[in-house]
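Have a look at the structure below, then the notes.
The values are calculated or read from the model by the stated rules, or taken from the named source; none is laboratory data. Please read all numbers here as calculations on a predicted model, not as lab measurements. For neighbour counting, all protein chains shown are included, and Cβ atoms are generated from backbone atoms with ideal geometry for every residue, glycine included. Quick note on the areas: whole protein, heavy atoms, side chains included, nothing else; ligands and nucleic acids left out. Shrake-Rupley method; radii C 1.70, N 1.55, O 1.52, S 1.80 Å.
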Amino acid sequence: MAQAFTPGLACRISDVIRRVRELPVPGELTVQVGQEVQAHQVVARAFLPGELHIQRVAEKIGIEPHEVIAGLKVQAGQAVTVGQVLCEHVGLFGLFRSQFKSPVDGVVELITASSGHIGVRSAAKPIAIEAYVSGRVVEVSEGKSVTIETRAAFVQGIFGVGGERVGKLLVLDGDKLPQGTQLRGAVLVMRGAPSASFLVAAKEAGICGLVAGSVDDQVLASYLGYDVGIALTGDEDVPFTLIVSEGFGALEMSERVYALLKKFNGQSASINGATQVRAGAVRPEIVIPGSMQDSMAVEPSAAGLVLGAQVRLIRVPFFGQYGQVHELPHEAQRIDTGALARVLRVKLSSGEVVTVPRANVELV
Amino acid sequence: METEASKLRTVLVTDCGSTTTKALLFQKTQDGWRQTARGEAPTTVEEPVADVTVGALNAFSEVEEVSGRRILRPRSAGMAHPFLESEQNGSHGIDLYLSTSSAGGGLQMVVGGVVKEMTTESAERAALGAGAIVLDALSADDGREDHERIDRVRHLKPDIVLLTGGVDGGSKQHVIEVAELLLAAAPRPRFGDTLRLPVIYAGNRDAAGEVSEILERVADVQVVGNVRPTLETENLGPAREAIHELFLTHVMSHSPGYGKLLGWSPKPILPTPAAVGDMTLRHAKRNNVQVLCADIGGATTDVFSVFRDQEDELIFNRTVSANLGMSYSVANVLVEAGVENIARWLPYQVSDAEVRDRLRNKMIRPTSIPQTLEDLWLEQAVCREALRLSLAHHRSLAVGLSGQRRVRGIADIFAQRSNRYELVDLMHLDVVIGSGGVLSHAPQRLSAAMMMIEGFGLQGVTQITVDSIFMMPHLGVFSSVHPQAADEIFINDCLVNVGHAIVPVYAEDGRGELARVTFEGKELASIEAGAVQVVELCAGSRGRLIVEPRGRVNVGAGPGQVYERDIEVGKCGLILDGRNRPLRWQGPRVAWPEQQRVLYRQLGLDQA
């Protein structure tokens with residue numbers, strides 16, 4: 001049967017993290033296996049093909065497509081510069097001369113007789129890929145990718161916006177920005193949910209990331225400038241990356257996540273808000289390289305959903321509460337909606353024992 | 001494996017979906033062909049497994065457990081397939097294995113044409129009918145600048161591109177321009193860095209050579225018959241066949257483990273929506289009825305319809321609303337519909353902020369299920385809006401082309417719009433089929449019916465059914481081998497006859513009695529303006545339904561005309577809905593929850 005519960009998100013004080021840094025097109029690697037790298041260090045470079053600029057020559061100088069061919073001053077494959085004449089048409093008795101000049105530097109790639117179009121491809125654009133996490137290069141695929149390994153504390157969020165950023169962790173005590181502290185480039189951690197004014201102030205202070213317990217969806221909309229419809233994020237053009245650990249609304253960050261992040265206050269963290277909830281799930285992450293502790297998983301038990309396991313309830317009427325698995329009935333039971341579902345009984349931290357569908361808990 | 005219909009007795013069919021692989025066992029029993037066992041397992045196309053056959057084998061094991069029938073060989077290494085072959089009247093093995101697939105996001109396509117409402121729409125219909133998701137539809141007149149189109153397409157990774165444009169013998173210039181745009185964008189195929197993008201050209205045949213020459217730099221071009229050989233005719237068959245062929249040879253064969261899966265079956269794997277579409281069309285043709293079918297999933301909502309055109313021919317259409325769904329896309333329904341439109345269906349007071357937060361939390365934890373009635377009603381409210389929006393999308397694309405010939409110069413071509421007409425006619429819709437967990441597994445069948453009546457805004461007399469366990473994909477592919485057996489199972493085990501909706505449409509000032517309803521000569525009830533009631537009858541009984549309207553009220557036979565039809569009574573009987581269409585809410589918004597609460601109580605939907 002399909003797994004009936006959500007496995008829960010990682011929260012590890014020390015783990016071996018590998019990140020593959022891949023070029024979108026073949027290129028050149030600037031590091032070797034065994035080399036130590038810093039998060040901002042360039043590990044690979046490549047050139048993206050330049051844009052093909054299609055010029056509607058016939059239309060623009062008012063001639064027929066076949067006249068473009070007759071008036072060509074260049075040929076396919078030829079390099080051209082801005083202002084160079086691509087086509088010249090001389091009218092009746094040589095009185096009316098019209099020219100079409102290249103608007104870009106590049107190479108003529110396309111000449112279409114039937115449309116009178118000329119395509120000029122501009123020069124390739126250089127791109128550089130950074131390490132993102134500080135660590136050691138453990139594998140390279142020549143011209144394609146570099147794999148970096150690091151021992152690090154590792155926390156997954158439930159949702160985020162914004163891409164990869166690197167900065168120093170600064171754990172806040174409350175929900176206000178600290179005065180007189182240098183915040184530029186910092187990754188702030190707050191336990192609750194930020195207000196819209198907090199996000200504006202954080203942007204002005206120049207932070208590079210914010211990890212919070214939750215966010216109100218209208219606050220998020222005001223930050224992004226639009227409503228998120230699909231949890232497929234990471235490419236947003238935002239001043240800083242925002243990651244939430246619990247969800248939407250006004251939920252506090254779980255104690256275990258908050259305690260772990262507090263432990264690494266002041267250390268450099270690599271964060272990424274990219275979230276993809278659909279198949280092949282990607283969750284946002286906080287990677288804090290340099291943890292020298294032995295692997296001490298504060299993450300969900302590998303044993304799965306067993307008696308005594310700690311769980312969080314992820315659906316109303318118990319949304320956000322924590323408890324312990326008290327009983328695991330085998331047979332499906334009818335729940336309050338009238339549906340038949342496999343359930344479990346959870347002893348909440350208040351001592352109350354409640355019955356919930358297995359699909360509505362996640363291991364913590 | 002056996003493919004001769006008359007020799008088949010036990011057939012195993014899977015649908016490899018994005019998240020779950022569902023296996024069904026079809027068997028010839030003393031009662032005819034029936035669905036006898038079901039097993040499911042998570043689909044395994046992602047790392048670390050990355051082999052679709054692993055999930056399929058897990059699903060087969062569950063079928064074995066449930067049915068007590070041995071299906072798999074103890075050891076299948078080195079064998080062409082893992083199945084035990086059945087013996088005559090034997091207690092183990094299967095005769096045939098078939099499959100459909102939508103794993104890995106299904107078949108993803110970009111289409112291009114010259115005129116948005118002409119060739120581009122035809123291209124969309126061809127792609128959608130073949131079971132694809134259309135990532136973008138490029139047109140010379142889509143209102144975007146060249147650089148915007150190029151930028152958009154460059155970032156897409158389609159499996160296949162379908163390029164159309166121009167009528168045969170017409171101007172070549174515009175379709176060549178679209179080909180140039182495609183060249184400039186040079187989209188990369190989704191699978192395999194070394195593969196070249198497959199492009200199907202189904203446009204003006206005179207431009208085929210030049211289009212091929214332009215695109216051969218970046219793509220493998222296959223030329224097929226024009227989807228729009230003339231302005232008034234549409235010819236989607238060759239393009240659809242080419243899409244199916246490329247789906248198998250290019251997309252499926254490069255998906256993880258599919259090479260092996262393809263070898264297990266003597267028949268091609270069909271895209272899941274194509275199989276559902278085949279079954280919908282079969283049902284419409286066999287019973288000579290007009291059908292609307294919606295499959296509302298976690299991420300997308302597929303709508304299939306079969307309506308008669310002006311020449312009285314049954315025309316099939318399919319659309320997919322890629323971001324309207326009940327889990328992954330639930331927050332997008334919120335964005336597109338607006339919180340007020342969702343909250344209007346709820347029989348309790350709740351703040352907009354609470355609705356938004358709950359739905360966004362569902363978006364990030366998509367496998368959680370409603371645990372309270374209030375939460376269930378919220379999801380059912382979302383379903384109504386997803387159905388409403390996806391039907392609106394479907395209506396815009398499900399159009400017929402009128403037969404009248406018009407002479408147009410090329411200068412007129414961008415302005416032409418007049419030869420299309422909407423095919424969807426809810427007043428004359430005979431059957432609606434609902435599929436997807438929120439409809440098929442609704443704790444009460446009546447609530448599934450109400451979601452479809454209200455979401456689609458049904459009118460007239462419509463039979464409401466649900467696909468019991470999402471069996472239509474399996475039956476669609478089975479029908480390619482044994483259509484009669486597939487039909488038997490469809491009627492006996494797949495379609496659940498929920499009931500008949502009777503919805504009069506009347507003038508805005510209509511009051512009091514709208515129509516009287518008679519079944520088998522017995523007057524049952526009158527339909528009152530604004531009221532909804534359910535008339536329970538003996539499920540399964542057959543008889544003559546007569547609906548007599550008052551004045552100019554229309555109940556499906558035209559204003560003031562009596563409607564008559566033989567029906568088989570569904571589980572919920574007759575649902576008489578006297579609310580006019582389109583549905584409107586009375587008074588201030590704060591009063592709506594109480595109106596809904598009264599309605600829920602009247603229909604018995606306020607309790608589990």
Practice item. Being under 22 Å from the mean Cα position of the chain (by Cα), surrounded by fewer than 20 Cβ atoms within 10 Å (Cβ to Cβ) and over 25 Å from B:W585 (Cβ atoms) narrows it down to one of B:N497, B:N492, so name that one. Key: B:N492
Study note, to complete from the structure: Sole miss for A:D15 among (1) assigned to a loop (DSSP other than H, G, I, E, B); (2) closer than 30 Å to A:A309 by Cβ is condition (1)
Review point. Any idea which residue in the range B:33-54 is modelled with the lowest pLDDT, counting only those that are closer than 25 Å to B:N492 by Cα and open to solvent by 20 Å² or more (accessible area, probe 1.4 Å)?
Key: B:E40
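Considering the range B:7-21 alone, what residues qualify as being outside any strand (DSSP E or B) and polar (S, T, N, Q)?
As a first pass, look at the range B:7-21 and keep what is outside any strand (DSSP E or B): B:7-9, B:17-19.
Hits for the range B:7-21 are B:S18, B:T19.
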Exercise for review: Output the number of the condition that B:L181 fails; it satisfies all remaining conditions of (1) touching a helix residue (DSSP H, G or I) at 6+ places or on another chain (Cβ under 8 Å); (2) away from chain A (no Cβ under 14 Å); (3) open to solvent by 10 Å² or more (accessible area, probe 1.4 Å).
Suggested key: (2)
Point to revise | Positions within the range B:531-548 being free of Cβ contacts under 8 Å to residues at least 40 places away in the same chain, more than 18 Å from B:H428 (Cβ to Cβ) and surrounded by 15 or more Cβ atoms within 10 Å (Cβ to Cβ), in sequence order | key: B:L537, B:G543, B:E548
Review point. Is there a residue in the range B:55-75 that is of a type outside the set (S, T, Y), surrounded by 19 or more Cβ atoms within 10 Å (Cβ to Cβ), part of a strand (DSSP E or B) and within 14 Å of chain A (Cβ to nearest Cβ)?
Key: no
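Does A:A39 qualify as being within 23 Å of the chain's Cα centre (by Cα), modelled with pLDDT of 95 or more, in a strand (DSSP E or B) and not basic (K, R)? Break it down stepwise before answering.
Numbers: within 23 Å of the chain's Cα centre (by Cα): yes; modelled with pLDDT of 95 or more: yes; in a strand (DSSP E or B): no; not basic (K, R): yes.
The answer is no for A:A39.
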**Study point:** A:A113 vs. criteria within 14 Å of chain B (Cβ to nearest Cβ), of a type in the set (G, A, S) and exposed (fewer than 15 other Cβ atoms within 10 Å of the Cβ)
**Key:** yes
Check your understanding: Given the conditions (1) open to solvent by 10 Å² or more (accessible area, probe 1.4 Å); (2) in contact with a helix residue (DSSP H, G or I) (Cβ under 9 Å, 6 or more places away or on another chain); (3) within 14 Å of chain B (Cβ to nearest Cβ); (4) within 18 Å of A:V161 (Cβ to Cβ), which single one is not true for A:E236?
Key -> (3)
Practice item. Could you list, in sequence order, all residues of the range A:67-102 that are over 22 Å from B:Q173 (Cβ atoms) and within 14 Å of another protein chain (Cβ to nearest Cβ)? Key: A:G77
Practice item. Search the range A:208-236 for residues that are among the charged types (D, E, K, R) and pair each with any residue that is open to solvent by 30 Å² or more (accessible area, probe 1.4 Å) when their beta-carbon atoms are under 8 Å apart and the residues are at least 6 apart or on different chains. Key: A:D216/A:A193; A:D216/A:A250; A:D216/B:A353; A:D217/A:D227; A:D217/B:A353; A:D217/B:R356; A:D227/B:V335
Review point. What are the pairs, 6+ residues apart or on separate chains, where a residue within the range A:69-91 that is on the phi > 0 side of the Ramachandran plot has its Cβ under 8 Å from a residue that is open to solvent by less than 60 Å² (accessible area, probe 1.4 Å) and of a type in the set (D, E)?
Key: A:G77/A:E109
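Go through the range A:146-185 and count every residue that is charged (D, E, K, R) and in a loop (DSSP other than H, G, I, E, B). Quick ask: steps written out before the conclusion?
Applying the first criterion (charged (D, E, K, R)) to the range A:146-185 yields A:149, A:151, A:164-165, A:168, A:173, A:175-176, A:184.
Still in the list and also in a loop (DSSP other than H, G, I, E, B): A:173, A:175-176, A:184.
The total comes to 4.
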Study note, to complete from the structure: Sole miss for B:R417 among (1) assigned to a loop (DSSP other than H, G, I, E, B); (2) open to solvent by 50 Å² or more (accessible area, probe 1.4 Å); (3) at pLDDT 90 or above is condition (3)
Point to revise | Per-region count, the range B:239-273, residues closer than 20 Å to B:V13 by Cα, in contact with a strand residue (DSSP E or B) (Cβ under 8 Å, 6 or more places away or on another chain) and of a type in the set (A, V, I, L, M) | key: 4
Review point. Do you know which of the residues in the range B:349-405 that are among the aliphatic types (A, V, I, L, M), more than 11 Å from chain A (Cβ to nearest Cβ) and in a helix (DSSP H, G or I) is most open to solvent (accessible area, probe 1.4 Å)?
Key: B:A392
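Residues checked against (1) under 28 Å from A:P103 (Cβ atoms); (2) away from chain B (no Cβ under 14 Å); (3) of a type in the set (D, E):
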residue	(1), (2), (3)
A:T30	no, yes, no
A:V33	no, yes, no
A:E36	no, yes, yes
A:Q41	no, yes, no
A:F47	yes, yes, no
A:E64	yes, no, yes
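Criterion first (within 30 Å of B:W377 (Cα to Cα) and modelled with pLDDT under 95) does B:C538 satisfy it? Show your work before the answer.
Numbers: within 30 Å of B:W377 (Cα to Cα): yes; modelled with pLDDT under 95: yes.
For B:C538, the condition - within 30 Å of B:W377 (Cα to Cα) and modelled with pLDDT under 95 - is met.
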Check your understanding: For the range B:214-237, how many residues are within 20 Å of B:A179 (Cβ to Cβ), assigned to a helix (DSSP H, G or I) and out of contact with any strand residue (DSSP E or B) (no Cβ under 9 Å at 6 or more places or on another chain)?
Key -> 0
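Is it the case, given these coordinates, that B:A132 is at pLDDT 90 or above and touching a Leu at 6+ places or on another chain (Cβ under 6 Å)?
Numbers: at pLDDT 90 or above: no; touching a Leu at 6+ places or on another chain (Cβ under 6 Å): yes.
Considered against the rule, which asks whether it is at pLDDT 90 or above and touching a Leu at 6+ places or on another chain (Cβ under 6 Å), B:A132 comes out as no.
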Revision key, fill the gap. Restricting the range A:123-140 to residues that are of a type outside the set (A, V, I, L, M), at pLDDT 95 or above and in a strand (DSSP E or B), the one most open to solvent (accessible area, probe 1.4 Å) turns out to be A:R136
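So that you can scan it fast, the table gives a plain yes or no per residue for (1) of a type outside the set (A, V, I, L, M); (2) crowded, with 22+ Cβ neighbours inside 10 Å:
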| residue | (1), (2) |
| --- | --- |
| B:E121 | yes, yes |
| B:V153 | no, no |
| B:L156 | no, no |
| B:T164 | yes, yes |
| B:D168 | yes, no |
Point to revise | Exclusive hit being without any contact (Cβ under 8 Å) to a residue 60 or more places away in the chain and either within 23 Å of B:V289 (Cα to Cα) or surrounded by 13 or more Cβ atoms within 10 Å (Cβ to Cβ) (or both), set B:G570, B:G587, B:G551, B:G558 | key: B:G558
Study note, to complete from the structure: Of (1) farther than 30 Å from B:R34 by Cα; (2) open to solvent by 30 Å² or more (accessible area, probe 1.4 Å), B:T518 fails just (2)
Practice item. Kindly provide the set of residues from the range A:239-260 that are within 14 Å of another protein chain (Cβ to nearest Cβ) and either among the charged types (D, E, K, R) or surrounded by 16 or more Cβ atoms within 10 Å (Cβ to Cβ) (or both), ordered by number. Key: A:L242, A:I243, A:V244, A:S245, A:E246, A:G247, A:F248, A:G249, A:L251
Revision key, fill the gap. Considering the range A:292-318, residues that are touching a helix residue (DSSP H, G or I) at 6+ places or on another chain (Cβ under 8 Å) and at pLDDT below 90, and then whichever is most open to solvent (accessible area, probe 1.4 Å), we arrive at A:V298
